[in-house]
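What follows is one structure encoded as structure tokens, with my remarks underneath.
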Amino acid sequence: MDTVTRALDARAVSYSYPDGTSAIEAFDLTIEVGERVALVGPNGAGKSTLIQLLGGLIDPDSGSIAYFESETPADDLRDRIAVLPQQPDEYLFNSTVRDDLEYGPAQLSIPKAQARDRVDALAERLELTGLLDQPPFRLSGGEQRRAALASAVAVDPELLLLDEPVADIDPAYRERILSLLEERSEDGDTQIVSTPNVDLVPYLADRVVLLDATGDVVADGPTEEILIDSSLLERCGLAAPTVTELFETAGAEELPLTVAEGAARLSDLLE
């Protein structure tokens, strides 16, 4: 059996909104198994629409999207593909949070005891244990997002598509989410995330697909190259990460992307 190396292939994908407005035109993207890719662009660039298209939640008007080098549609691969939408309440529709987290595994005929153990572990990891018996509509926005992420991860997908996964999340919980996603990536997950927040991208992705305000791809490359190009980011209505801008303004030759990298550079300079 040949080894699958590509998790997703999108070719000439186009999509228009119901009113006829063009959202995505001739979009191409290939993602290798195990990659962490961020769709980065300003609000209105079509990132959420792309996540829905790439995750098989909506169909393109033209073009094609293939998963794992097969012709199997996304709806038949829900044991391998999971999507976290921008509005988490779209993912939460059962009477309790536990029911929502166990819903996906139940649809895949995962044994109930195994599913419950998986859900309990995720709930503890994302500090949802005390909320499992609560109706989802009573949760705060941040709690709903954590619950929706747990629901997506509960099926143990190979390809995870996340639309602004840490929006509205308090910093302490954000670290838990980033840690979970990094751990899953180390275990071989393929992850596609969308965000307008460049400060978060270094923690979420190793590769950036940069979109301008019209949804066109302006650049596609390693995170450490895209995010230090302030002029490129400015063309898309974005700025470099805060710590990167600070070091660039100070005239530094090597530009860090994260606070930890910046602290390390300062420590070296002060020695």
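The values are calculated or read from the model by the stated rules, or taken from the named source; none is laboratory data. This one's a predicted model, so the numbers in the text were calculated from it and none came from an experiment. FYI the Cβ positions are ideal-geometry reconstructions off the backbone, even for glycines, and counts take in every protein chain you see.
Laid out as a table, the results:
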{"read-out": "Count of region 1-51 residues which are buried (at least 16 other Cβ atoms within 10 Å of the Cβ) and of a type in the set (Phe, Trp, Tyr)", "value": "2"}
{"read-out": "Positions within region 42-69 being assigned to a loop (DSSP other than H, G, I, E, B) and either on the phi < 0 side of the Ramachandran plot or of a type in the set (S, T, N, Q) (or both), in sequence order", "value": "42, 43, 45, 55, 57, 58, 59, 60, 61"}
{"read-out": "Residue within region 243-264 that is hydroxyl-bearing (Ser, Thr, Tyr) and part of a loop (DSSP other than H, G, I, E, B) present", "value": "yes"}
{"read-out": "Any pair with Cβ under 9 angstrom, 6 or more apart, that starts in region 107-130 at a residue that is farther than 26 Å from residue 75 by Cβ and at pLDDT 90 or above and ends at one that is in a helix (DSSP H, G or I) and among the aromatic types (Phe, Trp, Tyr)", "value": "126/173; 127/173"}
{"read-out": "Single residue of 130, 104 found to be outside the structural domain of residue 184 (by TED's automatic domain parsing), assigned to a helix (DSSP H, G or I) and surrounded by fewer than 16 Cβ atoms within 10 Å (Cβ to Cβ)", "value": "130"}
{"read-out": "Counted residues, region 1-41 - those being free of Cβ contacts under 8 Å to residues at least 40 places away in the same chain and either hydrophobic (A, V, I, L, M, F, W, C) or at positive phi (or both)", "value": "3"}
{"read-out": "Odd one out for residue 191 among (1) within 25 Å of residue 53 (Cβ to Cβ); (2) over 14 Å from the mean Cα position of the chain (by Cα)", "value": "(2)"}
{"read-out": "Pair list, Cβ under 7 Å, 6 or more apart: region 78-102 residue farther than 17 Å from residue 114 by Cβ, other residue part of a loop (DSSP other than H, G, I, E, B) and polar (S, T, N, Q)", "value": "96/134; 97/134; 100/94"}
{"read-out": "Total residues in region 226-240, condition touching a residue at least 12 places away in the same chain (Cβ under 8 Å) and not in a loop (DSSP other than H, G, I, E, B)", "value": "5"}
{"read-out": "Members of region 42-76 found to be in contact (Cβ under 8 Å) with a residue 24 or more places away in the chain and aliphatic (A, V, I, L, M), listed by number", "value": "45, 50, 51, 53, 54, 57, 58, 65, 66"}
{"read-out": "Residue that is more than 30 Å from residue 128 (Cβ to Cβ) and among the hydroxyl-bearing types (Ser, Thr, Tyr), where the choices are 195, 223, 258, 214", "value": "214"}
